[in-house]
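Below you'll find the structure, written out as structure tokens, and then a few comments.
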Amino acid sequence: MILSISHIAKSYGVDSILEDVTFNVEEDEKVAIVGVNGAGKSTVLKIIVNEIKEDSGEISFKKNIKVGYLSQISECDSNATIIEEVTHAKDELIGLEAELKSMESKMSSVKEDDLSDFMDKYHRLNEEFENKGGYTYKGEIVSVIRGLGFADDEFDKKISTLSGGQKTRVTLAKILLMNPDLLLLDEPTNHLDIKAIEWLENYLKSYKGAVVIVSHDRYFLDKIVTKVVEIEFKKSSVYTGTFTEYTKKKEQKRIDYLKHYFEQQKYIKREEEIIRNYRSHATESEIIKAKSREKRLEHLERLEKPMEVSADMRFSISPAIESGKDVLSIRSLSMGFNDNVLFNDVNIDIKKGERVAIIGGNGTGKTTLLKVLNEVYKPLSGDFKLGTNVEIGYYDQEQQNFNEDNTIFDEIGDAYPNLTNTKIRNILGAFLFTNDDVFKKISSLSGGERGRVALAKLMLSNANLLILDEPTNHLDINSKEILETSLNNYTGTILFVSHDRFFINRVATRVLELENKRFTNYLGNYDYYVEKKTENAVIKTENAVIPKQSAGADSYKQQKEEERIKRKKENEIKKTEERIEELEGKIKDVDEKLSDPSIASNSARLNELTNERSGFEDELNALYEKWEELTNEL
């Protein structure tokens, strides 16, 4: 066990945040902490790293472990470049490397009496350097920076010029490269595009250490975690298995609780009826019986009424005006800024009732397209046309036009004065604003709460084409599920940008991928997109090495060609591994010679061997990088 959390509690004044949080983390285990916004998930991580102090409870770590912590707000050295900042993660190795080089330069001048001790130290340091990845760390740094979405030409960008999201990615890269025994990650996917998230998934799945993740990204969690810690009503519950298994167990637990609650309510009602019956007779013996039963009821540990998903949270909204069959037609559309063209010659048709997801890397122009359609930007060329009776409703988190002095209830009421109070409460209840929550001031809301209000207003509008830019950002898992249900029941048309793959899977009927300034169409949800993308990659590989064949071409030949490509890669990897082994042997031989006292007195031979060893090391580093590239390709 690498970490133990036992009965942690935390309050701020009279506000209790956590009352009883208990869970363990085993070595190499991948754990998710989930719960609604404000449940205290980030607070748990801050308590673990001693950023804030718990009121009661105990935390214990395995001895001498290294902890890496990514918070939602990360700061970097503003004077460094990206590559310089990230390289600091390997300062210990760089120090060892410098010490080894210094010792190599001094070898020829070491006195014979001191040589044995000198060489013992050198070999010890060299072994430590090698075991800690000294010969591969430069390639590892480049691989992680690229994996988190930075292009090679961005490596020398100053940290001071980066956005907040880019700075968080730099911090994440540093933490990963430190290879801590325990990784604590608070919303690590918030500023990553889908490719970078997929890279991080693969990295964490094979990470040799324990990982604790706070995230609302259900697809991401399902790929990685083997245990889920849920914080609900200030207490923790632990579920073993994947995120999907957690949701199934959670639902079964809810059903069981409901059953026990209603059974208890039936028992209480029956007992109260018996007590009333006894008291109605007013005889001494029956009064005694009534008191006995009353006492038994008083000591009964009553189950709290569970929060049920009401029928109002499964509502369906139909736009006041129906659009025609053809909703949106985009023709020869191009857009960019200055000399940077984002997309070229785009042609898209969207029909009534479709739910179309736009995906692609950060900075490719997804949001820009939405702004062109909303006439925020004027395209470089081409145009678009809305169909008959089409009215756009646009959701952009940066442009939520609220009256900050309004309550949530008044914000909806002012926008839609014809709605009854009951209807307003029902709509807000569907977006998880219940009881006195509806009287919260807009100015006091969190980002996620503001997003839910904006979405509720949008769903009530006369729009029959919803254009949504990252609608799930800042929403917790419960809120995402409500939004998914609302959109799936919506009878209009939806075009949205999202990097939330679980959300895309649940909502989209079509996926448009923006890559290399072009859109590619996939008729299905995210899983279908992944399947077809993989198939297309295989076909592209085949077509790159053999002539195009007719539709009835023998698939056996294609299979053989695939196998030939695979064998070629495997052969290259084998040769690379053999050369690596050969070089490691040569370095070992040189080290043995360098430890020979007779050579220590021969400065010319000592320098010759030192230079020879340096050459072997350079070639070895290059081969390590080549090996990594080849295995990734395979």
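The values are calculated or read from the model by the stated rules, or taken from the named source; none is laboratory data. What you see is a predicted model, and the numbers here were worked out from it, not measured in a lab. Every residue, glycine as well, gets a Cβ built from its backbone with ideal geometry; the counts of neighbours run over all protein chains shown.
Ser78 satisfies every condition listed in (1) surrounded by fewer than 18 Cβ atoms within 10 Å (Cβ to Cβ); (2) touching a helix residue (DSSP H, G or I) at 6+ places or on another chain (Cβ under 7 Å); (3) under 30 Å from Thr472 (Cα atoms) except (3). The residue that is surrounded by the fewest Cβ atoms within 10 Å (Cβ to Cβ), among those in the range 465-493 that are more than 30 Å from Gly38 (Cα to Cα) and β-branched (Val, Ile, Thr), is Thr491.
Glu84 meets each of the listed conditions (1) surrounded by fewer than 16 Cβ atoms within 10 Å (Cβ to Cβ); (2) touching a strand residue (DSSP E or B) at 6+ places or on another chain (Cβ under 8 Å); (3) of a type outside the set (S, T, N, Q) apart from (2). State whether one or more residues within the range 32-40 are farther than 16 Å from Leu183 by Cα and touching a His at 6+ places or on another chain (Cβ under 6 Å). The answer is no; no qualifying residue exists.
Every condition in (1) assigned to a strand (DSSP E or B); (2) touching a residue at least 60 places away in the same chain (Cβ under 8 Å) holds for Met1 except the one numbered (1).
Residue by residue, here is whether (1) within 25 Å of Thr493 (Cα to Cα); (2) free of Cβ contacts under 8 Å to residues at least 12 places away in the same chain; (3) surrounded by fewer than 18 Cβ atoms within 10 Å (Cβ to Cβ) holds:
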site: Asn403; (1), (2), (3): no, no, yes
site: Tyr416; (1), (2), (3): yes, no, yes
site: Ile424; (1), (2), (3): yes, no, no
site: Ile442; (1), (2), (3): no, no, no
site: Gly451; (1), (2), (3): yes, no, no
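Within the range 301-346, being modelled with pLDDT of 80 or more and of a type in the set (Phe, Trp, Tyr) holds for Phe337, Phe343.
Which residue pairs have Cβ atoms closer than 8 Å, lie 6 or more positions apart in sequence or on different chains, and pair a first residue in the range 249-268 that is in the same structural domain as His299 (by TED's automatic domain parsing) and aliphatic (A, V, I, L, M) with a second residue that is surrounded by 13 or more Cβ atoms within 10 Å (Cβ to Cβ) and part of a helix (DSSP H, G or I)? The qualifying pairs are Ile268/Leu297.
Results for (1) touching a strand residue (DSSP E or B) at 6+ places or on another chain (Cβ under 9 Å); (2) in a loop (DSSP other than H, G, I, E, B); (3) modelled with pLDDT under 95; (4) at positive phi, shown as yes or no for each residue.
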| site | (1), (2), (3), (4) |
| --- | --- |
| Pro379 | yes, yes, no, no |
| Asp383 | yes, no, no, no |
| Asn389 | no, yes, no, yes |
| Glu398 | yes, no, yes, no |
| Asp405 | yes, yes, yes, no |
| Asn418 | no, yes, yes, no |
| Gly429 | no, no, yes, no |
| Phe433 | no, yes, yes, no |
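For the range 29-47, the count of residues that are surrounded by fewer than 18 Cβ atoms within 10 Å (Cβ to Cβ) and over 22 Å from the mean Cα position of the chain (by Cα) is zero. For the range 591-608, a tally of residues being closer than 17 Å to Ser116 by Cβ and in a helix (DSSP H, G or I) returns 9.
None of Glu130, Glu104 is in contact (Cβ under 8 Å) with a residue 12 or more places away in the chain and under 15 Å from Asp591 (Cβ atoms) except Glu104. Just give me the residues in the range 358-367 being part of a helix (DSSP H, G or I) and crowded, with 20+ Cβ neighbours inside 10 Å, in sequence order. Listed by number, the list holds a single entry, Lys366. Going through (1) in a strand (DSSP E or B); (2) in contact with a Lys or Arg (Cβ under 9 Å, 6 or more places away or on another chain); (3) more than 21 Å from Ile504 (Cβ to Cβ) one by one, Ser332 falls short only on (2). In summary, Leu200 fulfils each of the numbered conditions (1) assigned to a helix (DSSP H, G or I); (2) free of Cβ contacts under 8 Å to residues at least 60 places away in the same chain; (3) surrounded by fewer than 20 Cβ atoms within 10 Å (Cβ to Cβ) with the single exception of condition (3). Here Asn473 fulfils each of the conditions (1) assigned to a loop (DSSP other than H, G, I, E, B); (2) under 26 Å from Leu386 (Cβ atoms); (3) not charged (D, E, K, R) apart from (2). Kindly establish whether Asp217 is over 22 Å from His7 (Cα atoms), of a type in the set (D, E, K, R) and exposed (fewer than 15 other Cβ atoms within 10 Å of the Cβ). Answer is no for this residue. Restricting attention to the range 131-147, which residues are surrounded by 15 or more Cβ atoms within 10 Å (Cβ to Cβ), under 30 Å from Glu608 (Cβ atoms) and not basic (Lys, Arg)? Scanning the range 131-147 gives Gly133, Gly134, Tyr135, Thr136, Tyr137, Gly139. Going by the structure shown, is Glu127 surrounded by fewer than 21 Cβ atoms within 10 Å (Cβ to Cβ), under 12 Å from the mean Cα position of the chain (by Cα) and assigned to a helix (DSSP H, G or I)? Criteria not met by Glu127.
Within the range 107-119, restricting attention to residues that are touching a residue at least 24 places away in the same chain (Cβ under 8 Å) and surrounded by fewer than 16 Cβ atoms within 10 Å (Cβ to Cβ), the residue that is nearest to Asp596 (Cα to Cα) is Ser116. I want to confirm something. Restricting to the range 148-170 and keeping residues that are in the same structural domain as Glu198 (by TED's automatic domain parsing) and buried (at least 22 other Cβ atoms within 10 Å of the Cβ), which single residue is farthest from the chain's Cα centre (by Cα)? My answer is Val170.
Do the conditions hold for Ile482, that is, is it part of a helix (DSSP H, G or I), at pLDDT below 90 and among the hydrophobic types (A, V, I, L, M, F, W, C)? Taking the combined requirement at face value, the residue satisfies it. Of all the numbered requirements in (1) more than 23 Å from Asp527 (Cα to Cα); (2) modelled with pLDDT under 90; (3) in contact with a Leu (Cβ under 7 Å, 6 or more places away or on another chain), Gly492 misses one, and that requirement is (2). Residue count for the range 171-197 satisfying the condition of being buried (at least 20 other Cβ atoms within 10 Å of the Cβ), among the acidic types (Asp, Glu) and in a loop (DSSP other than H, G, I, E, B): 0. Can we say Lys46 is assigned to a helix (DSSP H, G or I), in the same structural domain as Lys208 (by TED's automatic domain parsing), at pLDDT 95 or above and among the charged types (D, E, K, R)? For Lys46, the condition - assigned to a helix (DSSP H, G or I), in the same structural domain as Lys208 (by TED's automatic domain parsing), at pLDDT 95 or above and among the charged types (D, E, K, R) - is met.
Restricting to the range 334-367, what's the tally of residues that are out of contact with any strand residue (DSSP E or B) (no Cβ under 7 Å at 6 or more places or on another chain), over 25 Å from Asn525 (Cα atoms) and polar (S, T, N, Q)?
Selection size over the range 334-367: 2.
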